[in-house]
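The next block holds one structure in the form of structure tokens; read it before the comments.
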Amino acid sequence: IVAYWKDRTKKREAFPFKIDGVVVSVNNNVAFKKLGVVGKSPRGIRAFKFSPKEATTIIEDIKLQVGRTGAVTPVAVLKPVEIDGVTISRATLHNIDEIKKLGVKIKDTVSVVRAGDVIPAVSRVFPELRTGRERKFEMPETCPSCGTKLIKPKGEVILRCPNPKCFARRKKYFYHFISKGGFDIVGLGPRIIDRLIDEGLVSDPADLFNLKGRNFTPFRKRNGN
């Protein structure tokens, strides 16, 4: 199995499609059933992932992102770099503990990977390449969106904004509501949601179902349609 995985690793670029690993399955139905299932994962199947592809770039800045649950996540703003045909300009830093663990500073030269060949993340720092212009990132005590004092719930490593009326939280909640994981509303994306909120047409996801065609007239006029 290991030999096959190593062989596929070497040949992954030759495939006409993208793969991030190989899957090994027990080729015996009786044995497969006897092994059972843990949660939703059959014990008779195992995935062997390839090492993620990486590239070196510079962290230009670190911004904060507020999620719908109030989680405040530091995000690295990168000097654009290409990984496997995809241009990466932002990468998650997860939380302040991860920043301290990696020793990340603004203007640092870092290695960026696409976890699972999808999600960009900073994997390591090259302190030997520092020039003296780097500066330490300080996590604020208040929400960057609404100014509410951030909290750190017991047992968690993530700081959260506890304000349910936080503007950034509301927007992310709307985005989730219309996404595939929510109501999957086709044709309604973040840009339109932003405009609806800015125009004061919606303040709660339920308001979307009360909108009329005339509510979108100002949008069409601005676009010249």
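The values are calculated or read from the model by the stated rules, or taken from the named source; none is laboratory data. Just so it is clear, the structure is predicted and the values come from calculations on it, not from any experiment. As a convention, Cβ positions derive from the backbone with ideal geometry for all residues, glycine included, and neighbour counts pool all protein chains shown.
So which pairs qualify, if the first residue must be in the range 178-190 and without any contact (Cβ under 8 Å) to a residue 40 or more places away in the chain and under 21 Å from ALA168 (Cβ atoms), the second must be surrounded by 13 or more Cβ atoms within 10 Å (Cβ to Cβ) and of a type outside the set (A, V, I, L, M, F, W, C), the Cβ gap must be under 6 Å, and the two must be at least 6 apart or on different chains?
Listed by first residue and then by second, the contacts come to GLY182/HIS176; PRO190/TYR175.
Tally time: how many residues in the range 122-151 are among the hydrophobic types (A, V, I, L, M, F, W, C), under 30 Å from ILE19 (Cα atoms) and surrounded by fewer than 17 Cβ atoms within 10 Å (Cβ to Cβ)?
1
Condition first: β-branched (Val, Ile, Thr), closer than 16 Å to VAL104 by Cβ and in a strand (DSSP E or B). Now tell me which residues in the range 121-165 satisfy that.
VAL122, VAL125
Restricting to the range 188-225, and then to whatever is among the aromatic types (Phe, Trp, Tyr) and surrounded by 10 or more Cβ atoms within 10 Å (Cβ to Cβ), can you tell me which residue is modelled with the highest pLDDT?
Ranking the candidates gives PHE216 first.
Tell me which of these HIS176 doesn't satisfy, since it passes every other one: (1) in a loop (DSSP other than H, G, I, E, B); (2) over 30 Å from THR109 (Cα atoms).
Answer for HIS176: the failing condition is (1).
Can you name the condition, by its number, that PRO52 falls short on among (1) in contact with a Gly (Cβ under 8 Å, 6 or more places away or on another chain); (2) over 30 Å from PRO153 (Cα atoms); (3) in a strand (DSSP E or B)?
(3)
Can you tell me which residues in the range 1-41 are touching a residue at least 12 places away in the same chain (Cβ under 8 Å) and either among the acidic types (Asp, Glu) or outside any helix (DSSP H, G or I) (or both)?
ILE1, LYS18, ILE19, ASP20, GLY21, VAL22, VAL23, VAL24, SER25, VAL26
Name the one entry in VAL157, VAL72, VAL110, VAL104 that is out of contact with any Leu (no Cβ under 7 Å at 6 or more places or on another chain), crowded, with 17+ Cβ neighbours inside 10 Å and outside the structural domain of GLY21 (by TED's automatic domain parsing).
Working: VAL157 fails: crowded, with 17+ Cβ neighbours inside 10 Å; VAL72 fails: out of contact with any Leu (no Cβ under 7 Å at 6 or more places or on another chain); VAL104 fails: out of contact with any Leu (no Cβ under 7 Å at 6 or more places or on another chain).
Just a single option satisfies the conditions, and that option is VAL110.
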